[in-house]
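Read the structure below first, then the notes.
The values are calculated or read from the model by the stated rules, or taken from the named source; none is laboratory data. Computed from a predicted structure; not experimentally measured. Cβ placement follows ideal geometry from the backbone for every residue including glycine, while neighbour counts extend to all protein chains displayed.
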Amino acid sequence: MELNYYEIGQHIRKYRKAYNLSQEQLAEKVSISTTHMSHIETGSTKLSLPVFVKIASALSVHTDSLLHDSPTINRTDLGNELLNLLDSCSTEDAHILLDTMKTLKTSLTKYHK
């Protein structure tokens, strides 16, 4: 399997932005230059395993999350699980859960731009 350094860089960028970090701030956390961080995110350089692990650690993510896209969701199974959860709740609790999920979704959208 050949690594796609551009995709890895884009995953790093996504998580960096989610944490509101500049390239300079993340580079400083992992003890590399800002230029090197820029090259990593654009895929124009191969990153070493030690730097890769430091980046994952600085971003508090598993290395797998930086290597691969998020796994796809089986919406049918997820929907059934949500329905089962809601069935076990009172109407009031179900509304609270719905409001909570809407608030979380708004936050996720805000921070994963």
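What to note about this one:
- Just one of (1) more than 18 Å from the chain's Cα centre (by Cα); (2) surrounded by 15 or more Cβ atoms within 10 Å (Cβ to Cβ); (3) in contact (Cβ under 8 Å) with a residue 60 or more places away in the chain fails for L3. It is (2).
- The number of residues in the range 48-81 being at pLDDT 90 or above, assigned to a loop (DSSP other than H, G, I, E, B) and surrounded by 14 or more Cβ atoms within 10 Å (Cβ to Cβ) comes to 1.
- Those residues of the range 19-47 which are outside any loop (DSSP other than H, G, I, E, B) and hydroxyl-bearing (S, T, Y), in sequence order: T34, T35, S38, T42
- Subset of the range 22-47 (residues that are surrounded by 17 or more Cβ atoms within 10 Å (Cβ to Cβ) and out of contact with any helix residue (DSSP H, G or I) (no Cβ under 7 Å at 6 or more places or on another chain)): H39
- Restricting the range 88-113 to residues that are of a type outside the set (S, T, Y) and part of a loop (DSSP other than H, G, I, E, B), the residue that is farthest from R16 (Cα to Cα): C89
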